[in-house]
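Since the structure comes first, as structure tokens, the remarks are kept for the end.
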Amino acid sequence: MAITEENPGYKWVGTRPIRPDGLEKVTGKAQFGADLMLPGMLFGKVVRSPHAHARIISIDTTAAEAMVGVKAVITGSDFPDLAANGAHPSEIDVANNTIAREKVLYEGHVVAAVAATTREQAEAAAKAVEVTYEILPHVLTVDEAMADDAPLLHEGMITKGVDPAPEEASNVASKILHERGDLDQGFGEADVVVEREFTTKPVHQGYIEPHAAVADANSDGRAHIWCSSQGHFQMRAYSASVLGISPGMLKVTAAEIGGGFGGKTVIYLEPLAVRLSQRAGRPVKLVMDRDEVFRATGPTSGTRIKVKMGVAKDGKITAAEVWMAYEAGAYAGSPVGAAGMTAIACYDIPNFVVEGYDVVCNKPRVAAYRAPGAPMAAFAVESVLDELARDIGMDPIDIRLANAAVEGTQASYGPKFPRIGFVETLEAIKDHPNYTADLGPNQGRGIAAGFWFNAGMMSSATVHINENGTATVVTGSPDIGGSRQSMALMAAEELGIPYESIKAVVADTETVGFNDVTGGSRVTLATGAAVVDACRLIIEDLRARAAKTWDVELDQVEWVDGQAQHVEGAQPPLSMKDLAAKSGRTGGPISANASLNSRGVGAGFSTQLCDVEVDPETGVTRVVRYLTAQDAGRAISPDYVEGQMQGGVVQGIGWALSEEYIHDSDGVMENPGFLDYRIPVASDLPMIDCAIVEVPNPAHPYGVRGVGEVGIVPPMAAVGNAINDALDVRMTDLPMSPVKVLEALNEQRD
Amino acid sequence: MKYVAPSSVEEATSLLSSSPSAQVFAGATDVVPQMRAGRPAPEVLVDLKKIEELVAVANDGDKWTVGAATPTANLTEDPAFSEEFPGLAEAAGLIGSDQIQNRSSLGGNLCNGSPAADSVPAMVVNGARAVVAGPNGTRVLDVAEVVTGPGQTSLAADEFIVEFEIDRIPARTGDAYLRMIPRTEMDIAVVGAGARITLAEDGSIEHAALALAAVAPTVVRVPDAEAALVGNTADDETLSAVADAASEACDPIDDKRGTVAYRKQVAGVLAKRAVLIAIERAQQRNGTN
Ligand SMILES: Cc1cc2nc3c(=O)[nH]c(=O)nc-3n(C[C@H](O)[C@H](O)[C@H](O)COP(=O)(O)OP(=O)(O)OC[C@H]3O[C@@H](n4cnc5c(N)ncnc54)[C@H](O)[C@@H]3O)c2cc1C
């Protein structure tokens, strides 16, 4: 662990206790999305489009409705027409993605749903729904979608961000632009200029737990939803919008969640389950198959990215020009905006133009995936930087140090950076034995760096002191990465009681104040700050109660080591247990709420070192050694921080080497399962070594930055740079599969 | 759907004769996923694992017999068998994972008819024979004759494989199997290559057998490579003739798992490497069994 500022004597923060959710998970007791069973519950099944692009001519549900056991069949017309109601375009897109109205825009798009007494009856009824389509020509990639004569997904889509606005509709939803300095002058000052073009494929978040929702509607219009999500308040808002009701009509309970990585910040099944339950008068469960997860949820964008960069002989980057087009899938909203902001954010570059396009195409609508947009851009930029370093004969760490953003640097996306730890991650790599480990034949070493903002946003927390002096910490942030442990550790540190005396729970939308989604690496930062605030309110309250008990002024009482102490020792201390036992006589139950809009995020940086071995005769690449250094700000729970760092790397290695959506010429996905959509298996990977860097975020009481995302930004370039180091072939198209690597090697031999 | 578990070969054949849509199974590691993926279920599923001779591994001095429904884990964990046929044991040991291998069988791997089945090239180069039971008794055919195309076999609807026979390995003989998959496990061969080599007293190659998987509708032998090897040693020229012949013998398709060009090139690479391993093993096995 590379610590830049010593732990100021924390007792709990930074320790590695046993995870609180482990026992329930390994014994199978934990209730995931699909586990809930309610009396009288029906099983639902969704009907999906077999076509990539088609107009719905008619949907005939009569046969399905007449089948044994069938209690409800719904289609798009069972939902309010938000477009006719003047809703915001983004709400209309969510609604149309949940269930199609006039057109289906990708294979797997929902057109109807059924509910029946048994799963088998529901499946049979789903097959009996007759949909007549007029098949339309489709576009699958940014190249196809941006072609002059491309068929349009949305007839009225005029590109935003272009002045003057174009007169004709296109598949380009928006353009983004970031500029500084003078590009020509910058390239003029360069000694070496490298220009390359890259492509990446859509990849899925690959969470192991498929989407699942149970809804129980009441006759008064209210309904209760249980679902696997990264944010039940968000599920409530989106579902209410699609259903055309007030959010207060819905209560949403977050189930235990088996992975999300951004892909469970959006709705798919929830409003369908509610409507089916309303029509049938019974609770309804909807669970996706893996096949449906691939065809209709996630993924993140496929892209085409061009990068031109120049450096002077001393390693200073003089200019950068980046052009990028990101697939949005069926509706506007690719992460190209974040990609544009992050692409060169690691470096202080005087002259640049970053231009990006958000492009719709006939694939599932993209959803957030760990540092959305940043990894593809980093693949391109970090590959070019590697080549520049080689061309001027500079060490790849040194070239990054020569250009690294530091405190005070004007970030490429606007603001000045406060204290950040990028340089420290570069140094942590340089100081690690992996940096100088011997390489064998056909092995190579690659380095890459990455940046992610980390989010703040809104959180609420409630802390209750129980009658025996233990505490319950209640938040509304689903725990996808160990946040219950981190909340309990921070509460233990604040309250001065043991970690084991604290239980952290995730409450439903009616039991705790509003929380934004668990996303953007924000929960330990923002929800954690709310927990700290609530604990501090509790301590104020406890001091007041002690002062009252002792009949002294408040300033005579301090809170030390979990007990109220008289500053002059005039009274025997009162422990948390003592105060809790007497709460009835000192003002009633001890409890506090805190809500906040985060007071300041802490940007995250990661630098990674990858060693690969490439079989020159088969093109098979194996990762043989891997080190990731990441600035956590402060690692509240180092076990979970390392888990996040390693997880990001592993997903990035999959993205680099083997993961991709494959479609046939009709736009039908050919690999909707884990056999041919290849996420890495354990034996594919070496131990992922971690160097936690701690450069505390001044805006958080414990210095937290957020660690969930930036780890996935560097791996693709790190792997590509390592392959290049091994065999001198520059891979520019992901995934760097054996087929592509062998092709590149064959070309080199010719 | 009905499940039956006969306890004798006769009982099984008469069940098959009386219900035309019956299907036998062993580990069901192909059958169950296929049904889950929507393939129509047969009326009767006949479990072969309760028939004693179908789950047995034996060596009578002249030959090994392996019951067609024996879990492949029983083979890979049989030290005598693995010592004698390391290539076949490794091929069987590549199937799926530990969990799969506690169920997967050689009979199922062969009769599922996948061109990518891992144990088949290794059985073919070792000259394995299938003992097939039917209403009129048993017949014996070479393993290479069982599969006729993807998912298709030469067995009649009321026939099934009882066991495989493999002659004891001769002196100075070794086998090997290699496969290319993008991952390290839980994957399907993009190319597979099985080889068996017998050396003459002088160290030159006396017999050679080479078979490839996943590069044609069925497993293919490579007679040109075998001819190039016999009488020679594994020098660069011979090995490059082997690689060329292997690439030439391929009749692959472009699909999501690999391209025609890739499969041809890598078939040559794996053929060469498998031959080298088989030769090394043959050199180590100088005496008799
Ligand atoms: C996760 C997973 C991973 C896998 N990985 C691999 C792999 O790496 N390599 C590989 O080659 N395969 C792999 N497979 C496929 C499968 O496991 C193998 O083909 C296995 O050997 C099949 O054996 P089984 O006994 O389970 O066959 P079953 O499913 O029982 O039967 C398969 C077919 O053979 C027929 N059959 C079975 N026994 C006989 C018999 N005695 N006579 C006539 N017909 C018979 C059945 O009717 C059926 O059509 C994998 C499967 C899974 C689920």
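Summary table below
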item: Within 10 Å of each Cβ in B:180-189, the average number of Cβ atoms from other chains; result: 6
item: Per-selection Kirkwood Rh - the stretch B:173-284 (Cα, Å, 1 d.p.); result: 13.7
item: HN-Hα J in Hz across the stretch A:268-277 - Karplus 6.51, -1.76, 1.60, θ = phi - 60°, x for Gly and Pro; result: 10, 9, 4, x, 5, 5, 5, 5, 4, 5
item: Qualifying GluC sites (Glu not before Pro) in the stretch A:475-531, DSSP loop, other Cβ atoms within 10 Å at most 15; result: A:510
item: Ellipticity estimate at 222 nm from DSSP helix runs (n ≥ 4, -39,500 (n - 2.57)) divided over the protein assembly as shown, nearest 500; result: -8500 deg cm²/dmol
item: Amide proton proximity set for residue A:691, modelled H, under 5 Å, gap of 5+; result: A:628, A:629, A:630
item: Expected-Rg normalisation [2.2 N^0.38 Å, Cα atoms] applied to the stretch A:452-585; result: 1.14
item: The stretch A:212-223 - phi-based ³J(HN,Hα) in whole Hz, Karplus 6.51/-1.76/1.60, Gly and Pro as x; result: 8, 8, 10, 10, 10, 8, 9, 6, 7, x, 7, 8
item: Cα Rg, Dmax, the stretch B:2-167, angstrom units; result: 14.8, 45
item: Alpha carbon convex hull of the stretch A:223-376, projected area averaged over orientations, nm²; result: 11.6
item: Isotropically averaged projected area of the stretch B:85-131, using the convex hull of Cα atoms (one quarter of hull area), nm²; result: 3.3
item: Flagged links, alpha-carbon separation over 30 Å, of A:160/A:313; A:45/A:160; B:2/B:256; A:175/A:430; A:175/A:308; result: A:160/A:313; A:45/A:160; B:2/B:256; A:175/A:430
item: Bins of 5 Å from zero: percent of alpha-carbon pairs in the stretch A:1-152; result: 2, 8, 12, 12, 12, 11, 9, 7, 6, 7, 6, 5, 2, 1, 0
item: Over the stretch B:173-284, relative contact order from alpha-carbon pairs under 8 Å, at least 6 apart, %; result: 33
item: Chain B: relative contact order in percent, alpha carbon pairs under 8 Å with at least 6 residues between; result: 16
item: Computed label-point distance, nm, for sites residue B:232 and residue B:276 using a 7 Å Cα→Cβ extension; result: 1.5
item: The stretch B:126-234: C-alpha gyration tensor shape, a/c 1.5 cut-off, then a/b vs b/c; result: oblate
item: About the Cα centre, charge dipole magnitude for chain B (Lys/Arg +1, Asp/Glu -1 at Cβ), debye; result: 840
item: More than 16 Å apart - percent of Cα-Cα pairs taken over the stretch B:11-88; result: 60
item: Hydrodynamic radius (Kirkwood) for chain B, which is based on Cα pairs only, to one decimal in Å; result: 19.2
item: Karplus-derived 3J(HN,Hα), 6.51/-1.76/1.60, for each residue of the stretch B:117-131, Hz, glycine and proline x; result: 4, 6, 7, 5, x, 5, 5, 4, 5, 8, x, 5, 10, 9, 8
item: Residue-averaged beta-carbon neighbours from other chains (10 angstrom radius) around A:618-629; result: 2
item: Residue A:568 versus residue A:60: modelled label distance in nm, points set 7 Å from Cα along the beta carbon direction; result: 9.4
item: Candidate lysines for bridging to residue A:11, where Cα separation is under 28 Å - those fewer than 8 sequence places away on the same chain excluded; result: A:25, A:503, A:577, A:582
item: Among B:146, B:120, B:260, residue whose mean-square fluctuation peaks in a GNM of chain B (springs only between Cα atoms under 10 Å); result: B:260
item: Exercise: per-residue mean of other protein chain Cβ atoms within 10 Å, B:256-264; result: 4
item: Sequence-separation-based contact order of chain A, relative, with Cα cut under 8 Å and 6+ spacing, percent; result: 15
item: Column: log10 I(q)/I(0), Debye, Cα scatterers of chain A, q = 0.08, 0.10, 0.11 Å⁻¹; result: -0.69, -1.04, -1.21
item: Residues with amide H under 5 Å from that of residue B:186, placed H, sequence gap 5 or more; result: B:96
item: GNM top mover of B:136, B:59, B:102 - chain B, alpha-carbon springs below 10 Å; result: B:136
item: Sites residue A:6 and residue A:313 - FRET efficiency at Förster radius 45 Å, r taken between beta-carbons, to 0.05; result: 0.70
item: Other-chain or far-sequence residues with amide H under 5 Å of residue A:42's (modelled H); result: A:284, A:285
item: Label-point gap, in nm, between residue A:434 and residue B:77 - each point 7 angstrom along Cα→Cβ; result: 3.6
item: Gain in span if fully extended, residue A:162 to residue A:666, counting 0.36 nm per residue against the direct Cα distance; result: 178.2 nm
item: Estimated FRET transfer efficiency (residue A:540, residue A:218; beta-carbon r; R0 60 Å; 0.05); result: 0.90
item: Loop-located GluC sites (Glu not before Pro) in the stretch B:4-43, at most 13 other Cβ atoms within 10 Å (DSSP); result: B:43
item: Separation between Cα centres of the stretch A:685-706 and the stretch B:171-224, rounded to whole Å; result: 50
item: GNM top mover of B:186, B:123, B:35 - chain B, alpha-carbon springs below 10 Å; result: B:35
item: Gap separating the Cα centres of the stretch A:401-428 and the stretch A:506-535, nearest whole Å; result: 28
item: Rg to Rh quotient for the stretch A:519-601, alpha carbon positions, Kirkwood Rh; result: 1.09
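Values quoted throughout were computed directly from the atomic coordinates according to the rules given, and no laboratory measurement underlies them. Just so it is clear, the structure is predicted and the values come from calculations on it, not from any experiment. Note that each Cβ is placed from the backbone with ideal geometry, even for glycine, and that neighbours are counted across all protein chains shown.
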